[in-house]
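Reading through the structure tokens given below for one structure.
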Amino acid sequence: MSVRNAATRPRVGPVSWLCLLALAAAGCSPERYPQTALLPLSEFARIGDHVQDQTFYWALGVFVLVEGALLYAIFRFRGRPDDPEPKQIHGNTTVEIIWTVIPALILAAIAVPTVRGIFETAAIPRGDLLEIEVVGHQWWWEFRYPEYGIVTANELVIPVGRTVHLRQNSADVIHSFWPPRFAGKRDVFPGRETRLWFAADSTGLYPGQCTEFCGIQHARMAFHVLSQTPQEFERWVARM
């Protein structure tokens with residue numbers, strides 16, 4: 001490349017990078033892309049969100065400290081042409097103990113809410129539960145309401161404030177049921193029942209998806225959760 005071409009080549013300045021960052025951030029809009037687990041709408045989802053937040057903050061702290069120490073070492077101890085050969089050392093027991101104990105404590109701090117969350121989400125609540133049978137098919141979801149004798153396809157209708165207990169199985173291959181605003185993923189197996197529960201906090205229409213590759217139309221195996229007030233839910237039951 002000639003000197004002239006190099007001099008006339010456009011430079012990407014800080015403003016351009018900020019514009020690109022703004023465009024990338026705009027792609028994270030929950031209104032445009034509502035299938036996110038970062039805006040929980042049930043106690044079940046908040047348990048997972050809390051664990052994720054705690055893990056992120058610990059990871060962020062480790063990143064800042066490690067990268068900060070690395071940058072400090074790069075600039076503070078960078079080599080110069082007239083520097084003598086540095087002192088040669090071999091090992092440091094104190095430092096090695098410190099960088100072994102600190103990660104172990106961080107992992108323990110992450111493990112405590114994680115294990116607690118596993119037990120909390122695995123336990124089925126007691127009380128007035130709405131029992132719903134979920135059957136995965138290639139490539140659609142069947143929802144059965146034994147209490148009302150209702151069957152729907154790809155539409156899970158629930159009342160706000162009432163805990164729903166989903167009993168899941170598959171009619172063919174392995175699927176994975178995921179309503180991201182309300183609960184974590186649950187694999188759905190043929191010949192084996194898995195369970196999931198949650199109670200919606202607010203009304204609305206929220207997307208869900210199969211998250212286990214189950215064949216050529218897997219990407220289209222979507223459903224939605226229609227969360228209604230108890231009165232609206234009773235009217236829906238009466239219409240069905």
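Every number in this text was worked out from the coordinates using simple rules, so none of it is lab data. No experiment lies behind these values; they were computed from the predicted model shown. A quick note on method: Cβ atoms are made from the backbone with ideal geometry, for glycine too, and the neighbour counts reach across all protein chains shown.
May I ask you to evaluate 6.51 cos²θ - 1.76 cosθ + 1.60, the Karplus curve with θ = phi - 60°, for each residue of segment 154-161 and list the ³J(HN,Hα) values in order in whole Hz, giving x for glycine and proline?
Per-residue couplings from phi come out as 6, 9, 9, 9, 9, x, 5, x Hz.
Using +1 on the beta carbon of Lys and Arg, -1 on that of Asp and Glu, and nothing else charged, what's the dipole of segment 130-239 about the Cα centre, debye to 20?
120
Label points 7 Å out from Cα along the Cβ direction at Leu23 and Thr194: separation in nm?
3.8
If you work out semi-axes √(5λ) of the Cα gyration tensor in Å from the coordinates, which of (1) 50, 27, 17; (2) 40, 20, 16; (3) 28, 23, 17 do you get?
Correct label, based on the coordinates given: (1).
Work through the residues other than Thr152 whose Cβ is under 9 Å from its Cβ and net out their charges, Lys, Arg +1 and Asp, Glu -1. Numbers along the way, then the final one.
Details: positive: Arg144; negative: Glu142, Glu155.
Result for the neighbourhood of Thr152: -1.
Kindly put Leu166, Leu226 in sequence by how many other C-beta atoms sit within 10 Å of each C-beta, fewest to most. Numbers along the way, then the final one.
Values: Leu166 22, Leu226 17.
So the ranking, lowest neighbour count to highest, is Leu226, Leu166.
On C-alpha positions alone, give me the angle between the axis of helix 43-76 and the longest principal axis of the chain, in degrees, nearest 10.
10
Quick check: residue separation of Arg76 and Ile118 times 0.36 nm, minus the Cα distance between them. What number comes out in nm? Each step should come with its number before you reach the end.
Details: separation 42, 0.36 × 42 = 15.12 nm, distance 4.53 nm.
This chain segment gains 10.6 nm when fully extended.
Using the alpha-carbon atoms, what tilt in degrees (0 to 90, nearest 10) does helix 93-122 show relative to the longest principal axis of the chain?
For helix 93-122, the angle is close to 10 degrees.
How many percent of DSSP beta bridges within the chain run antiparallel, rounded to 5? Walk me through the intermediate numbers first.
Details: 27 of 40 bridges.
Percent antiparallel among DSSP bridges in the chain is about 70.
What is the set of long-range amide H partners of Trp197 at a cut-off below 5 Å, with H atoms built 1.01 Å from backbone N?
Here the answer is Leu166, since their amide H atoms fall under 5 Å of that of Trp197.
Which far-off residues, 5 or more places away or on another chain, put their amide H under 5 Å from the one on Val160, with H placed in the peptide plane?
Result for Val160 returns Gln228, Thr229.
Apply 1/(1 + (r/R0)^6) to the Cβ-Cβ distance of Ala108 and Tyr57, taking R0 = 22 Å, and write down the FRET efficiency to the nearest 0.05. Walk me through the numbers on the way to the answer.
On the way: r = 15 Å, r/R0 = 0.69.
Efficiency, rounded to the nearest 0.05: 0.90.
For the chain, calculate the relative contact order in percent as a whole number, restricting contacts to Cα pairs under 8 Å that are 6 or more residues apart.
Values: 348 pairs, mean separation 48.7, N = 240.
That works out to 20 percent.
To check you understand DSSP bridge types, tell me what percent of the beta bridges within segment 130-239 (both residues inside) are antiparallel, rounded to 5.
Values: 26 of 39 bridges.
In segment 130-239, approximately 65 percent of DSSP beta bridges are antiparallel ones.
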